[in-house]
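First comes the structure, then the notes that go with it.
Just so it is clear, none of the values below were taken in a lab; they were calculated from the coordinates. From a predicted model like this one, the values you see are computed outputs, not experimental measurements. Glycine also receives a Cβ, built like all others from the backbone with ideal geometry; neighbour counts cover every protein chain displayed.
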Amino acid sequence: MLNIVLFGPPGAGKGTQANLLIKRYSLIHLSTGDLLRGEIAEGTALGLEAKSIMDRGDLVSDDIVIGMIASKLDNNPNANGFIFDGFPRTVAQATALDTLLKEKGTFISTMLSLKVADDELIKRLLERGKESGREDDKNEGIITNRINEYNNKTAPLKEFYSGQNKLSEIEGIGQVEEIALKLNDVIDKL
């Protein structure tokens, strides 16, 4: 089973690249952002709680996210693998994910980390906010808070996966196809 952590700050292009990887490797996209937005759209209690947290630019609690991930894995027992997009975000989540995957007889194959400068991220997210209507992408203060949250709480995950010899860093600026080829090259060498 091919399990990939697709990593990078908000606006790095994870969603775009995930879609290309899903097609090429027949993987299931596991985006916590999409799962949370689905809960919000359905107006569930979890969705309402998550919306309040996300609108502030803060991270949703580990318990909420890990519960959603476990459910998604259970509902897809015959998958070729998963792309984890937006998860894990903390070392605690990565440890919980490793435990969960071990229980299911699998593991993380690699972490693909997209590198993009903060000023480019802000520009991309503001543009995405105009197109998508996402409130968390329209406010530069919230965007800056999300990037700071990533830098302070999420970026240390690179060390976690580097310690497992699973980290590959890829420049996330350039043509979509060029970035995709770099990601494919890493995966094809596994």
Mean Kyte hydropathy of 0.0 or more with a Cα span along the axis of at least 27 Å, helices from DSSP in the chain: none
Cα gyration tensor category, rounded, prolate or oblate, for region 113-190 with a/c compared to 1.5: oblate
Rounded to the nearest 20 debye, dipole of the chain from Cβ charges on Lys, Arg, Asp, Glu: 340
Calculated from backbone phi, Karplus (6.51, -1.76, 1.60) coupling profile of region 4-12 in Hz, x at Gly/Pro: 10, 8, 9, 10, x, x, x, x, 6
Distribution of pairwise C-alpha distances over the chain, 10 Å bins, in %: 9, 37, 40, 14, 0
Percent of Cα pairs exceeding the 22 Å cut-off, where the set is region 23-119: 33
Label point 7 Å beyond Cα of Glu159 along Cβ direction - residues of region 109-144 with amide nitrogen under 20 Å: 111-116
Among Leu181, Gly141, Val5 - extreme Cα towards positive end, dipole of the chain, charges at beta-carbon: Leu181
For Leu2, residues with placed amide H under 5 Å, excluding near neighbours: Gly81, Phe82
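Grab the Cα-Cα distance for Thr44 and Asp185, subtract it from 0.36 nm times how many residues apart they are, and report the gain in nm with one decimal.
Here the answer is 46.7 nm.
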Count of lysine pairs in region 1-146 with Cα separation under 29 Å (8 or more residues apart, or interchain): 29
Computed magnitude of the charge dipole of region 1-108 (debye, nearest 20; Cβ of K, R +1, Cβ of D, E -1): 440
